[in-house]
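Data first, discussion second: the structure below is written as structure tokens.
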Amino acid sequence: MSNYTKTTNFASKDNLSPGNPLKIVKGTEIDTEFNNIQTAVGTKTDNASANITGGTIVGITDLAVADGGTGASTATAALNNLLPSQTSNANKYLQTDGTNASWDAVSLSTADITGTLPVANGGTGVTSSTGTGNVVLSNSPTLVTPALGTPSALVGTNITGTASGLTAGNVTTNANLTGGVTSVGNATTVVTNANLTGAVTSVGNATSLGSFSSANLLAALTDETGTGSAVFATSPTLVTPALGTPSALVGTNITGTASGLTAGNVTTNANLTGAITSTGNATSLGSFSSANLLGALTDETGTGSAVFATSPTLVTPILGTPTSATLTNATGLPLTTGVTGTLPVVNGGTGQTSYTDGQLLIGNSTGNTLTKATLTAGTNVTITNAAGAITIAASGGGGTPGGSTTQVQYNNAGAFGGITGATTNGTALTLVAPILGTPASATLTNATGLPLSTGVTGNLPVTNLNSGTSASASTFWRGDGAWATPSGGGISYTAVKTANYTAANNEGVLTNTTGGAFTVTLPTSPSVGNIIIVIDSLSQWGTNNLTIDPTALIKIAGNTAGDTLVCDITGATVTLVYTGATYGWNVAAQVGGNGGTAVTLTGTQTLTNKTIAYGSNTLTDVVGVTATQTLTNKTLTSPTLTTPVASTTIGVGAATPSASGAGITFPATQSASTNANTLDDYEEGTFTPSLGGTATYNTQNGFYTKIGRLVHCQIEVDVALIGTGSVTTVSGFPFSAVVNCGGFTIYWNNVFAAYTTILPFMGSNDCHFETTNAAVTGVTDTNNIFKNGARIIFTVIYHTS
């Protein structure tokens, strides 16, 4: 322990004489010293086994390297302190001799290097060389002033310059030789300045073989035919050639006299092929156009294309005055100048050529013609005919209407007046306090104030009473406005109820839930034997349920007191009889629209021994009574189904049926069956396939369909950047697989290597790929697939648990 300084100078107190008050050590001084000692001890460490966790070592700024530190407070400075001196050691590498580390330049010996460095890695790809200088690569290098020595083979294409030392046997190149070419051999002289020996041949495009004449070339050739000037081109002009007997000859444009020509049989109508030319009238009688034929004719009329056939198409012809013509489809005919005569009625015309003012064309059955006539004026009518107009006006009468514009007007000897008490709005007539007398008929729909005692005679028919259609000889009109059969102590039926209603004993409650569901409440203090009947009188319970409430303390069919009875079957009738407190209201009869069980306490019905017949949801019970039934929330216990038809959707496994389309709705969570022959699930949806890590994507789509345990997935992964994503495996599938299953790949592009096939295989939760490498025939293995820009579309099919 060090660095402790006493705060009290005890030595000065020791030098004082006994009895001096200053010699006494005070308690506060001792307390202060002990506190300082405690602080000093608490901040010191046993250097033999120091254990410092976090914090700093007071008094030590940078622990020296010799003491196990770095001698620095930054990472860069610490690294420089720990490494050998870097001064004058640029571009060197750290090496060790087994004991100490030092800087050294890289030194490689041939023993240190094996293999051949390929060109793609900056090497040459070769293990031996010839000559010195720069390395030459590629199949067609460009060499600058090379010294070729004596090559074993050389094609000297496009060689230029002077080859003074070149000795050739046969120069068969198409080289562009310049200067004179001399040959000591077959040619007598081809010019005198190139020291070539032997025969000179040129295959291709030598532009010059010196400057020589046909005679020079003739002397250089050994297999020529004939003498004279050289002939070139595929169609040369030969001057007085002697053709001998050619094996084939087409004598086109032969002129002169062929006195020695012998023809087999050339007649005037021979089937000659090729164009026939004549220096006379015809320019060509071979394959020619209308213009050629026009040039060959001397007596033609007009110009243009030749016209053939009996029904030719003529373009803007000038017909002159044809002796006959039928212009069935002719258009553009000018009626003012191109047509003469009068168009008769039978052809849609008028048959007339002139009119006077006011004349009209009137149909005349005689001769089926149109006759010109003018209108004849009747009484109090004047007609004025003008050019192109007819004016008809009323004449006679006179006077100005009296009364108002709302009164019915009448004429009295030429003067108008209005009827008092009768008004009109132009459409309806209103009579004020009229005396109708005895009209032949009248409908008094909105009539009021009709005195029944004096204004009506005869008896009012029963059918005109309120609800009169229910009246019969055995009914009476009740005070509540309904026809009813005298009960004689039996059931009496209510008027149709459309809202909440409390029933009474011996009452038949007619209900109509068209406007919405409501509740019928049973008596609160029933007696044994009380009967109540509730009827779906308008067949609406299947749409809007009716609830029967027994009140809180009374049971229905022995169930918990207060449990309600939900009536949800269209056209049903429910009869309830009170049997006492133990069982409550017994449902004595539950009859549907045409018989059969109709209602339940909870809306769920067990239909035992019922057969659903095709086409009408018809229930047939054990005694053969049929009932048309809407099966809403019903449970069928081992039913016999004969070709059932669902017009919308049905739900299985407590699933809520879909609100759209038609089909089977399965629950969101599979209710698995142990029976292999039971379809217990169907689902379809999307998922996001992933390579994990930091991979990013251009496209990342997954679609699946699950039928029972079978899962069918379609996946597209288009990688933008692979990052740290997997290069072999796709994950993120919606269901795990129980066994390895395969699939097939539809498309791949820019994948890791040039694979011949890529086959996906499912593991338990992800998919890898088996590949066939195009470069190694028949080798199949798991390989890398994904990289930047890789795209693959594939399908997998597997079983899940």
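Condition check ((1) open to solvent by 80 Å² or more (accessible area, probe 1.4 Å); (2) more than 60 Å from the chain's Cα centre (by Cα); (3) modelled with pLDDT of 70 or more; (4) not aromatic (Phe, Trp, Tyr)) across all residues:
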residue: 265; (1), (2), (3), (4): yes, yes, no, yes
residue: 268; (1), (2), (3), (4): yes, yes, no, yes
residue: 276; (1), (2), (3), (4): no, yes, no, yes
residue: 279; (1), (2), (3), (4): yes, yes, no, yes
residue: 284; (1), (2), (3), (4): no, yes, no, yes
residue: 296; (1), (2), (3), (4): no, yes, yes, yes
residue: 305; (1), (2), (3), (4): yes, no, yes, yes
residue: 318; (1), (2), (3), (4): yes, yes, yes, yes
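The residues listed here are 152, 109, 85; of these, the one that is exposed (fewer than 10 other Cβ atoms within 10 Å of the Cβ), over 30 Å from residue 39 (Cβ atoms) and modelled with pLDDT of 75 or more is 85. Here residue 524 qualifies as open to solvent by 30 Å² or more (accessible area, probe 1.4 Å) and modelled with pLDDT under 95.
Residues in region 334-367 that are β-branched (Val, Ile, Thr), assigned to a helix (DSSP H, G or I) and either without any contact (Cβ under 8 Å) to a residue 24 or more places away in the chain or open to solvent by 70 Å² or more (accessible area, probe 1.4 Å) (or both): 336, 337, 346, 366. Considering 789, 742, the condition of being surrounded by 13 or more Cβ atoms within 10 Å (Cβ to Cβ) and not in a strand (DSSP E or B) is satisfied by 789 alone. Total residues in region 722-739 satisfying the condition of being surrounded by 15 or more Cβ atoms within 10 Å (Cβ to Cβ) and free of Cβ contacts under 8 Å to residues at least 40 places away in the same chain: the figure is 1. Filtering region 531-568 to residues that are part of a loop (DSSP other than H, G, I, E, B) and under 18 Å from residue 508 (Cβ atoms) leaves 537, 538, 539, 540, 541, 550. Residues of region 697-721 that are closer than 30 Å to residue 678 by Cα, out of contact with any Asp or Glu (no Cβ under 7 Å at 6 or more places or on another chain) and open to solvent by less than 60 Å² (accessible area, probe 1.4 Å): 702, 711, 713, 715. Filtering region 415-439 to residues that are part of a loop (DSSP other than H, G, I, E, B) and either closer than 14 Å to residue 405 by Cα or touching a His at 6+ places or on another chain (Cβ under 6 Å) (or both) leaves 425, 426, 427, 428. Examine region 676-684 for a residue that is open to solvent by 30 Å² or more (accessible area, probe 1.4 Å), within 30 Å of residue 651 (Cβ to Cβ) and among the acidic types (Asp, Glu), and state whether such a residue exists. The answer is yes, given that some residue of region 676-684 is open to solvent by 30 Å² or more (accessible area, probe 1.4 Å), within 30 Å of residue 651 (Cβ to Cβ) and among the acidic types (Asp, Glu).
Residues of region 6-30 being in a helix (DSSP H, G or I), among the aliphatic types (A, V, I, L, M) and farther than 26 Å from residue 41 by Cα, which ones? 22 - this is the single residue of region 6-30 that is in a helix (DSSP H, G or I), among the aliphatic types (A, V, I, L, M) and farther than 26 Å from residue 41 by Cα. Restricting region 387-411 to residues that are farther than 30 Å from residue 428 by Cβ and either modelled with pLDDT under 70 or assigned to a strand (DSSP E or B) (or both) leaves a set whose member that is most open to solvent (accessible area, probe 1.4 Å) is 392.
Of the candidates 384, 331, 371, the single residue that is β-branched (Val, Ile, Thr) and part of a loop (DSSP other than H, G, I, E, B) is 331.
The values are calculated or read from the model by the stated rules, or taken from the named source; none is laboratory data. Note that the structure is a prediction, hence the values are computed from the model and not measured. Positions of Cβ are backbone-derived with ideal geometry, glycine not excepted, and every protein chain shown enters the neighbour counts. Note: accessible area is taken over every heavy atom of the protein model, side chains too, but ligands, DNA and RNA are not part of it. Shrake-Rupley method; radii C 1.70, N 1.55, O 1.52, S 1.80 Å.
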